1. Which of the residues that make up region C:153-187 are without any contact (Cβ under 8 Å) to a residue 60 or more places away in the chain and part of a loop (DSSP other than H, G, I, E, B)?
2. Would you be able to tell me the number of residues in region C:233-282 that are within 30 Å of B:D286 (Cα to Cα) and more than 7 Å from chain A (Cβ to nearest Cβ)?
3. What is the residue count in region B:70-101 for residues that are over 30 Å from A:I240 (Cβ atoms), surrounded by 20 or more Cβ atoms within 10 Å (Cβ to Cβ) and at the interface with another protein chain (Cβ under 9 Å from one of its Cβ atoms)?
4. Tell me, yes or no, whether region C:98-106 has at least one residue that is away from chain B (no Cβ under 14 Å), among the aromatic types (F, W, Y) and touching a helix residue (DSSP H, G or I) at 6+ places or on another chain (Cβ under 7 Å).
5. Of the conditions (1) crowded, with 16+ Cβ neighbours inside 10 Å; (2) facing chain C (nearest Cβ under 7 Å), B:V446 clears all except one; give me its number.
6. Cβ-Cβ distance below 6 Å, separation of 6 or more or different chains: which pairs start in region C:300-328 with a residue that is within 19 Å of B:L281 (Cβ to Cβ) and β-branched (V, I, T) and end on one that is modelled with pLDDT of 85 or more and not in a loop (DSSP other than H, G, I, E, B)?
7. I'm told A:T74 meets every condition in (1) within 30 Å of A:K37 (Cα to Cα); (2) over 19 Å from the mean Cα position of the chain (by Cα) except one. Can you identify the failing condition by its number?
Amino acid sequence: MKKTVNSILRHLVLLLLAVIWLIPILWLFVTSFSGYKGINTSHFFPETWTLDNYAQLFFRSDSIVQYNRWFVNTLVIAIFTCLISTILVLMVSYTMSKLRFPGRKQLMSFSIILNMFPGVLSMIAIYFILKTFNLTNSHIGMIIVYSAGAGLGFLICKGFMDTISVSLSEAARLEGASEAKIFFRIIIPLSKPIIVYTVISSFLVPWGDFVFAKLMLNSGIATDWTVAIGLFNMLGKSMIAKYFSVFCAGGVVISVPISILFLIMQKFYVEGITGGSVKG
Amino acid sequence: MKKKVLATLLATALAASCLAGCGGSGDAAQTPAADAPAAETPAADAPAADAPEAEAPAAEAPAADAAADPIANLIAATTDTVTLKVWASEEDQDLTTKLLDEFKAAYPDVTFDITLGAESESTAKDTILTDVEAAADVFAFADDQINELVKAGALQEVVANYTYDVANDNVSGAVEAATIDGKLYAYPMTADNGYFMFYDSSVFSESDVQSLEKMVEVAQAANKKIAMDISNGWYIYAFFQGAGLDLKLNDDGLTNTCTWNAAGGTDVAQAILDLTASNVLVDMGDEDMATQIAEGNVVACVNGTWRAETAAEAWGDNYAATKLPTFKAGGKDCQMSSYSGYKLIGVNPHSANIGWAMLLAEYLTSEAAQTARFEARGLGPANVAAASSPAVQANPAIAALAAQAAYATPQRVGGNFWSPAETLGQILASGNPDGTDLQELLDTTVEGITAPVE
Amino acid sequence: MKKALSAIGNYFKDFGIAFVKGDVWVKVSAVLMGVGYIARKQVVNGIIMFLVEALFAVLCVGYAAPNLAKFGTLGTVQFEQVFDPLTMTSTINDYDNSFLILLNSIIALFLILVFVIFWIANVKAVYRLQLQQENGEHINTFAEDIRALFNEKFHITLLTLPTIGVILMNILPILVLVAVAFTNYDQQHMPPSALFTWVGWSNFKNLFTSSVTVTFGYSFKKVLVWTLEWAVLATFTTYIGGILLAKFINNKKTKLPKMWRTLFIIAIAVPQFVTLLLVRNFFADSGIVNTFCNNVGLTDFLKNVGLVPANLSYIPFLTNPGWAKVMIVIINIWVGIPYQMLIATGVLMNIPEDQIESARIDGANPFQIFIKITMPYMLFVTGPSLITDFVKNINNFNVIYLLTQDVFVTSDQLLANSNAKEVDLLVTWLFRLTNEYYNYKMASVIGIIVFIICAAFTLVTFTRTIKGDKEEEFQ
């Protein structure tokens, strides 16, 4: 008897917590179907339901809502960002994990400290550096911003590679394989989970960043934007009363693919972050 | 009229060429001067409808040759595609697109590549100042930013007019707002960016809205709210200026003089405390006001024409607007003051096609454009002729602004004003929770407002 | 430290030896790079070296020299533009842009440094070739050199590209930031229309002194204290909460653990800026939560208790300093716990079951087990990531900015006078100073301080982990 009560209590607590965690998400979801464009402050659920907000996103592009373009822009930026970032991260991780050369540890400490430096602090300098190369207001510039410094984020990936047994590469070395060959033929295939993690996590960066995007894509022309700036813009002072529910619809739409990727990624994330240390 | 334009044009031309002479001869010329063959074609090319004055020189001035017809020269000198970037607010996109098409059609011999971006007038400064060179060639902004924009070299001085007389065709307040140190820096676009009182006439009578105390009383009886963005320097100014205290920009164009802590200052602070104490007059931001008006909780608010639509929708036939009321400070009634606000169009001095940018700015602020803007969006024109049309006069929000105009002052204030004033408003609106001595409170605020700028 | 000094000493000593003991080819190489290689039959290397030197010379004359010449003053020619109303064209003089001079000078100095290192390496390499030849050793052909880049020198090949990226995106901007901290670059001195120049340490002095009008010292102290408080609170609440939640869900008595976990993860799978902006409106003064609290009488109750000022008809969730700080921490818990739960789940699954069993047999209650076994294990495994989280929280721009921007107005007048707010972290304060007030000089000083704080924390933990690292265990 006491056991059943306990069990019911336990699940009630969990239910309560889950409700707390999901209420804002639910609000996002239901508001995206609201017939009222502003913020409804007296009712949780919309008074009139409609699909119009989604229709506005996809089919009624104007100078403020260009959702399809934003989506494509962000997708292109994200694809290139994740390709370049992943390559850079793998290069550095492998070097730090498997190769031995003088100054390695110093270089590692230095990189880790450098990686702690938040980009926000130096974004004006980054802006003007890219401006001298005429890369502001261009998607190439955005890709560079998101991926060029990626090499510094090698720690998790290196931790994973540390767990790959050295005997495999030793054997290959004895057979006369070059370091390059070992890298491509042995380490890369064995690092699949961490590569998936790196790919997805760098893919997600452009979808969530609005600070750099807003600074770099400053032409004011909506077709140049990424999803994040577009949505952020809808909550501006003069816009929010007319665009809040459209913002919610836009939020729901990007959340779907991102949630799926995130759910895939989290498995590898846990493996990556705990892999090295746990198995030890 | 025409003569006057010509005179200004020539005078400024002389002044400018003198300036150019003093400016040093080593300057790198950006664009070639009008070449000789251009001289024969101008009259035919100049679009008659848009440039009546442009024809004038040829007819009136005997010495005038092609050099005196700048538009024709410009058309002749333009061989490449003219690329221009324009910024207008999000709400203004449709209208601006239409005006841009008309502008292009007015100059059929020139190939234009004009892109239109969305940049709110109220935040244009933030984007422009980060990188002036990357900003649009022609942009709209609110007049409170003109000081900083001029300081940052982001505004081309309007040394000459080509299609209409900017200084005389617009209301004097607007021209004053676009002028810094006697030099005109922008083209007035609307004259409605100030604030006044919106109210629901089913709750307040016309005599109620004369006094803020009375309004609070009535609203309290109806269990409704009156909203004002008190924690905002722009609005809290209404109280202090209304009580005769001073806030102005010093001659250096950076620092402020402020006497809010002088005798009578504490009376104003006390008045704000008293008015907000009953929680009927509430401190509320513009976005919240929009929802609260729609929800029916707010029945009167201090705001500007940009909220007229929301209020008209919510209150229907009872929608009304008037000048700001009086409030009691130290036992006497003071009429609340306000900032008169204007929206202006500026030209970026870094523009590669500065001549065309100026012509476009003139086009976007012409009488026809201002009338169109009123018809499309209910924005009060700055153009005298456009503003005198019966339709404009009948608009309640614009009429209220006109009534408030007698008590409004143009906005000239240095950057150090905003943060301290905002905080003063926040403290007063939340009932001075720490119980700071009011004189001390004002002293600290004034210290912040008048702080030196290195 | 001593080791580092002696390493630097050796570096130059080796160079000295190489130069002094080198033959004529080495000495010529010091002037004409590449000669030494060609003399030793490494023709391709020689040509490459020569081209590098030529390129550098061109860069020096065309790029470095004109910029560095103005580096001392950061430019003297003010922007001037004259508009000719008759031709409708404008003339712009050949003005100096202080920022570009600064930026280009730093890039130029960087290039010179790289070249000097390259040059030293060149002299040493040529000397090595000389020794090899004297000793009759084999001298690599070009093909062999290339092959080495995929074998014993593979790390150079792999690191080149990432290093270029990092220099461009991280190191150069930081150097610019440091330089700006010593200038008067602010709204009154903003290129292109105005010039700025060097001012020495005065910005640093401003940050640490407080007068009536310059309140940066006061604000800095307040903001710094809250930044650290926040970092500690944010890190530990989510960390402990995550472990507890993970344990709760992983417990054998919990049915459908996967489903529960997924429910929590959904909350963080939505991009952060969307949820945070949403939550900000959720808790707005006239937002839906306030409507609800009003309807159930919670607002009045809190008013009676004195937690809500009497003259408000709403709960100032994000507008009153005290409330806002608490709410930010709570919302951060909401954002952070699912992440920590994920990590904790992974770690807890690997916890040695036998230890817990034996403790249970010894009569330890669940709480004791948690404190004595689970926590130490968790800390052991996730210690480094805890420090990373701490540093990330010091710079947690998104949460603070998205929740309080445009909403929170400070009621501390001294903070207001230096454009800070009670809820500001150093980063958000810095962001506002640059983005809204163009006070780049003070923002740079704050940036340097943030960097020093973060670097100190990281250094302490990571040098320990890297040194006593388990990375060799598997190898």
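1. Matches in region C:153-187: C:K153, C:F182.
2. Qualifying residue count, region C:233-282: 2.
3. Of the residues in that region, 4 qualify.
4. The answer is no; no qualifying residue exists.
5. All conditions pass for B:V446, except number (2).
6. Taking only residues 6 or more apart or on different chains, the pairs are C:V308/C:L302.
7. Failed condition: (2).
Okay, residues lined up against (1) in a helix (DSSP H, G or I); (2) of a type in the set (F, W, Y); (3) away from chain C (no Cβ under 12 Å); (4) surrounded by fewer than 21 Cβ atoms within 10 Å (Cβ to Cβ):
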| position | (1), (2), (3), (4) |
| --- | --- |
| A:A55 | yes, no, yes, yes |
| A:I64 | no, no, yes, yes |
| A:C82 | yes, no, yes, no |
| A:L90 | yes, no, no, no |
| A:F117 | no, yes, no, no |
| A:I129 | yes, no, no, no |
| A:N134 | no, no, yes, yes |
| A:S147 | yes, no, no, no |
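The values are calculated or read from the model by the stated rules, or taken from the named source; none is laboratory data. Quantities reported herein were computed from a predicted structural model and do not represent experimental measurements. Neighbour counts are summed over all protein chains in view; Cβ atoms, including those assigned to glycine, are modelled from backbone coordinates with ideal geometry.
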